[in-house]
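Just below is one structure, and these are the notes that go with it.
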Amino acid sequence: MDDVLYIRKMAIENNDFFGSSLPMIASENVMSPIATEMFISDFEHRYAEGKPGERYYQGCMYIDEVERRAMEMGKKLFDCGYINVQVISGTMANLAVFSTFAKPGDVLTTLNTNVGAHISHQRIGAAGIRGLKVVHLPYDLETLNIDVKGSVKLIKEEKPKIVLLGQSLFLFSLPVKELSEAAREVGAEVVYDGAHVLGLIAGKKFQDPLKEGADLLTGSTHKTFPGPQGGIILGNLDEEKAKKTDSAVFPGLVSNHHLHRLAALAVTLAEEMEFGEAYADQIVRNAKAFAQKMNELGFKVLGENLGFTQSHQIAVDVKALGGGTEVAELLERCGIIANKNMLPYDDPKKPKNPSGLRIGVQELTRCGMREKELEYVAELFKEAIIDRRDPEEVKRDVRELRKDFRTVKYCFYESDAYTYRKIV
Ligand code: DSN
């Protein structure tokens, strides 16, 4: 029992910690209360391998309804003909697509990690696990974006099977149209990894990659899309490609597809249809206001001449202020949670002490903060990092601010996101 009590104590303290801090990791979010409820439903205990109505188990009539409804809502929300809601992570969504559309030895073009691409796109990640030859697209430090001319040339020379677009440090929309045209010429599939911006796409506040020429949109469902940790694959595929992609997920990579997650995803899809546009709009407003204020307060925010950001993220160069590692740790002592991040001019072979910080506003926005509060958060960043005010004092102000912003908004039943729900 001691171990159980200890683990529970850790969980309660973790709730308290995040509920009294400023969580600004760009890949995280909190679920709505009804989506959260799905995690303690009996779905959590069950298996449902196969498709709705064609399961390998009995007892699946209720999850069949949930899965059918999730698929219908997802296709409607993202305006597409194909969806897979069984894939249990964004990395697995990528691996399923890599396995469907390329074989070992084939070329995949993508960005490198220092310019923001995800590890699953790389030789050390899912792309390498599939045995793909990863060739990096050139990047333009002026526009903080893919170098279109160089990339078109590279795609024509390398003739990849997959042109993969999308990043984890994701500030601006990408040249999907231009690169899709080049990809068509060499018969490559265009895959857009929208893990970070999925909620902004759903809310129509970011480019719609499927409309601009991408064949597939992969993602995770717990960042700007504020659902359970999990994955999703969307697109417009013919029947044969759809079947192959589904088979890569099940029976390829996933046995059971975590039914409580699926039910929470279904709830989140329904809530996004109702509240997604308002939420995405406020996220982007908040990110821009926060970036502008940080810049005014003396921080070196990337993309000044580009409007800083079009997404939920901002990137700040803190090399002269101690470097990404030191500054992220200092912020943690102040109750502000963000992560160190490589910036596009950092050496991709040295990720341990990068120049930058990546900061996301999606969770604070979800809890009701608007431009005014984010501008105040920027002031707290200045006090912590530039003025080097006592971290305990900054933390007191953080706690004070947070008290009024713990309720999950943009959903049907608003309630505190961080209260630990004790069963006994
Ligand atoms: N590594 C995550 C991120 O923070 O962006 C995505 O998987």
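The values are calculated or read from the model by the stated rules, or taken from the named source; none is laboratory data. Every value quoted in this text rests on a predicted model; they were computed, and no experiment measured them. Methodologically, a virtual Cβ is constructed for each residue, glycine included, from the backbone with ideal geometry; neighbour enumeration extends over all protein chains shown. Calculation scope for accessible area: heavy atoms of the full protein, side chains included, ligands and nucleic acids excluded. Shrake-Rupley method; radii C 1.70, N 1.55, O 1.52, S 1.80 Å.
Around the amide H of Lys133, modelled in the peptide plane, lie the amide H atoms of Gly105, Asp106, Val107, Leu108, all under 5 Å away and 5 or more residues distant in sequence or on another chain.
Debye-formula intensities of the range 163-275, expressed as log10 I(q)/I(0) at q = 0.10, 0.12 Å⁻¹, are -0.31, -0.45 (one equal scatterer per alpha-carbon, no solvent).
To check you understand DSSP bridge types, tell me what percent of the beta bridges within the chain (both residues inside) are antiparallel, rounded to 5. Approximately 60 percent, going by the DSSP bridge assignments. Here the gap between Asp2 and Glu239, fully extended at 0.36 nm per residue and compared with their Cα-Cα distance, gives a gain of 79.9 nm. Legend: Rg and Dmax of the range 100-231, from Cα coordinates, 13.8, 40 Å.
What does the charge add up to near Asn84, with Lys and Arg as +1, Asp and Glu as -1, over the other residues with Cβ less than 13 Å from its Cβ? Around Asn84, the charge tally is +3. For the range 334-361 versus the range 316-333, the spacing of their alpha-carbon centroids is 8 Å. Across all directions, the average projected area of the convex hull around the alpha carbons of the chain is 20.7 nm².
Close amide H pairs (under 5 Å, H built 1.01 Å from N) link Met342 with no residue at least 5 positions away or on another chain.
Solvent exposure of the chain, expressed per residue, is 44 Å² of accessible area, with all protein chains present and a 1.4 angstrom probe. Using only alpha carbons, the range 220-265 has a radius of gyration to Kirkwood radius ratio (Rg to Rh) of 1.02. Take the Cα of Ser247, step 7 Å toward its Cβ, do the same at Glu277, and the gap between the two points is 4.1 nm. Taken over the range 215-295, the convex hull of the Cα atoms encloses 127 Å³ per residue. Counting charges near Leu259 (Lys, Arg +1; Asp, Glu -1) among other residues having Cβ under 13 Å from its Cβ returns a value of -3. The string of couplings for the range 31-38 from the Karplus curve (6.51, -1.76, 1.60, θ = phi - 60°) is 7, 6, x, 6, 5, 4, 4, 4 Hz, one whole number per residue in order, with x for Gly and Pro. Note down the Stokes-Einstein diffusion coefficient of the range 297-422 in µm²/s, whole number, using a Kirkwood radius over alpha carbon pairs, 10 °C, and 1.306 mPa s. Translational D for this selection: 101 µm²/s.
Measuring how big the range 351-424 is from its alpha-carbon positions, Rg and Dmax come out at 15.2, 46 Å. With a Förster radius of 30 Å applied to the beta-carbon distance between Glu54 and Glu329, the computed FRET efficiency rounds to 0.05. Test of the criteria: in the range 91-199, which GluC sites (Glu not before Pro) are in a DSSP loop and have at most 16 other Cβ atoms within 10 angstrom of their Cβ? Loop-located and lightly packed - Glu142.
Placing pseudo-labels 7 Å out from each Cα toward the beta carbon at Asp140 and Asn15 gives an inter-label distance of 5.0 nm. For the range 9-52 and the range 235-306, write down the distance between their C-alpha centroids in whole Å. Measuring centre to centre over Cα atoms gives 16 Å. Across the range 99-116, coupling constants 3J(HN,Hα) worked out from phi with the 6.51/-1.76/1.60 Karplus curve, θ = phi - 60°, read 5, 6, 9, 8, 10, x, x, 6, 8, 10, 9, 7, 7, 8, 5, 5, 9, x Hz, and Gly and Pro carry x. Note on Val424/Lys156: beta-carbon distance plugged into 1/(1 + (r/R0)^6) with R0 of 51 Å gives a FRET efficiency of 0.20. With loop membership from DSSP and a limit of 16 other Cβ atoms within 10 Å, the longest segment of the chain without chymotrypsin sites (Phe, Trp or Tyr not before Pro) is 58-344.
Altogether, the Stokes-Einstein calculation at 20 °C and 1.002 mPa s, with the Kirkwood radius of the range 101-147 over Cα pairs as Rh, returns a diffusion coefficient of 196 µm²/s. Considering the convex hull of the alpha carbon atoms of the range 221-368, report its projected area averaged over all viewing directions, in nm², one decimal. That works out to 12.3 nm². Applying the criteria of a DSSP loop state and at most 16 other Cβ atoms within 10 Å to the trypsin sites (Lys or Arg not before Pro) of the range 102-190 yields Arg123. Measuring nothing but protein heavy atoms, the accessible surface of the chain at 1.4 Å probe radius is 51 percent carbon and sulfur. When +1 charges are put on Lys and Arg Cβ atoms and -1 charges on Asp and Glu Cβ atoms, the dipole computed for the chain relative to its Cα centre reaches about 580 debye.
How many percent of all Cα-Cα pairs in the range 6-131 sit more than 24 Å apart?
The calculated P(r) of the range 6-131 puts 54 percent of pairs beyond 24 Å.
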